[in-house]
Each structure stands twice: as structure tokens, then as C-alpha cells.
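Undergrad: I'd like to ask some things about the structure below.
The values are calculated or read from the model by the stated rules, or taken from the named source; none is laboratory data. Owing to the predicted nature of the structure, the values given are computational and were not obtained by experimental measurement. Cβ placement follows ideal geometry from the backbone for every residue including glycine, while neighbour counts extend to all protein chains displayed.
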Amino acid sequence: MDNYNKIHLLMVDDEAKFLETITKRLKLKFFEITSATNGVDAIEAARKGQFDVAVIDLQMPGIDGVQVLEILKKNHKYLEVLILSGHATVESAVDCTKLGAFKILEKPCEFDKLVDAIKEAYEKRLKKKFEHDQLRIKEIEALALGQSPLGILKGLAKIDKDEK
């Protein structure tokens, strides 16, 4: 399987041994993985790379999982985020859901359950991106009807600006 067919994951957990173990196991399932042991490194990795799904530990020193979730969702509109937590409360689960978390999984999480959740999140990402692309195609088609070439270019520039 080549890199283009792999789901690109960002794994974030301050427990280095857990992160190393889960990363090795997920790579065997044909995921392309970048890992980070803290929120700052996770945000930087997301800025540099392109990820389909992020799996983030809720409780980490410094920038915690909720803050990382909020920043990633704000800056990467198609990224789906799973939260892992051994200490989730109803309040933290509600906060994460409001911020756009796809799912909250209790830690320790059964490996197959985690893999299934990642695949579900990826499917949701693809669906959102496809729907957005369909709307964009309709906007471009509408522009092309009855406009001058300059008008079309101005319209495309506006659509492109709105994307960013």
C-alpha cells in the first residue's frame, strides 16, 4: 500500500511508552503516523503536515488535549479528532464534543475499537471534504455561466480567498 492510500494520523500522548507501543501497532495496520508527546509539538506537526485524523490524549501537562483540539479544529477544517482519556468527566466530554471532537474513547482503549474509530473518523472527513468540493464545483459552474473571462477570474479569486 502506498503513502497515498494510507490514513495519515497524528498521535498525541504524554506517556512516551504508550505512544511508542500504539504507534508501532497502528503502523502494522497501514497507517502513516506522526507522534507527539505534548500539545506544542502536536500543533507544530499539524502546521507542517497534512493529517486526516488526530488521536489526542485529554490530560497532558502544558497545553492539554482540549486546547490542542480547539486549535487543530480551528486551523484544519477537515481534520477529525479522537480524544483518548482515562480521566474524562461528563463536562470534559461535553467540552470536547462542542469543540468538534469526533469521538471520546476511554483509556485504556481496546486496540480494534481504536482502529475502527479512526476509520470512522476518516470516512467522516472524506464525506465532509467531498460535500464541500461538490458545493465548490456548483459555485464555479454558476460563475462560468454568462460572465466575462475577467468576471470569472474575479469570482474564482473570491472563492479561493473564502477557502482560506
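Undergrad: Would you call residue 69 among the aliphatic types (A, V, I, L, M), assigned by TED's automatic domain parsing to the domain that holds residue 12 and assigned to a helix (DSSP H, G or I)? I'd like the intermediate steps shown before the answer.
TA: Numbers: among the aliphatic types (A, V, I, L, M): yes; assigned by TED's automatic domain parsing to the domain that holds residue 12: yes; assigned to a helix (DSSP H, G or I): yes.
It is true that residue 69 is among the aliphatic types (A, V, I, L, M), assigned by TED's automatic domain parsing to the domain that holds residue 12 and assigned to a helix (DSSP H, G or I).
Undergrad: Can you pull out the residues in region 25-57 that are in contact with a helix residue (DSSP H, G or I) (Cβ under 7 Å, 6 or more places away or on another chain), within 26 Å of residue 91 (Cβ to Cβ) and without any contact (Cβ under 8 Å) to a residue 40 or more places away in the chain?
TA: 36, 37, 39, 42, 43, 46
Undergrad: Kindly indicate the residue of region 1-36 that is within 17 Å of the chain's Cα centre (by Cα) and assigned to a loop (DSSP other than H, G, I, E, B) and also surrounded by the fewest Cβ atoms within 10 Å (Cβ to Cβ) among those meeting that condition.
TA: Filtering first and then ranking leaves 6.
Undergrad: Please tell me if residue 119 is touching a residue at least 40 places away in the same chain (Cβ under 8 Å), on the phi < 0 side of the Ramachandran plot and either assigned to a loop (DSSP other than H, G, I, E, B) or assigned by TED's automatic domain parsing to the domain that holds residue 32 (or both).
TA: Yes: the conditions hold for residue 119.
Undergrad: For residue 21, indicate whether it is in contact with a Leu (Cβ under 6 Å, 6 or more places away or on another chain) and among the hydroxyl-bearing types (Ser, Thr, Tyr).
TA: Taking the combined requirement at face value, the residue does not satisfy it.
Undergrad: Here is a follow-up. Scan region 92-116 for residues that are in contact with a strand residue (DSSP E or B) (Cβ under 8 Å, 6 or more places away or on another chain), surrounded by fewer than 19 Cβ atoms within 10 Å (Cβ to Cβ) and in a loop (DSSP other than H, G, I, E, B) and jot them down.
TA: Within region 92-116, 100, 107, 109 meet the criteria.
Undergrad: With respect to the numbered conditions (1) at pLDDT below 95; (2) farther than 26 Å from residue 127 by Cβ, which one is the sole condition not fulfilled by residue 76?
TA: If we test residue 76 against (1) at pLDDT below 95; (2) farther than 26 Å from residue 127 by Cβ, just (2) comes out false.
Undergrad: Suppose we filter region 21-46 for residues that are in contact with a Gly (Cβ under 9 Å, 6 or more places away or on another chain), within 15 Å of residue 66 (Cα to Cα) and β-branched (Val, Ile, Thr); how many remain?
TA: Number of matching residues: 1.
Undergrad: Just for region 48-66: of the residues that are surrounded by fewer than 19 Cβ atoms within 10 Å (Cβ to Cβ) and within 18 Å of residue 125 (Cα to Cα), which one is farthest from the chain's Cα centre (by Cα)?
TA: Here the answer is 49.
Undergrad: List pairs: first residue in region 92-112 and over 21 Å from residue 122 (Cβ atoms), second residue assigned to a helix (DSSP H, G or I) anywhere in the structure, Cβ distance under 8 angstrom, at least six positions apart or on different chains.
TA: Within 8 Å, the pairs are 92/66; 95/66.
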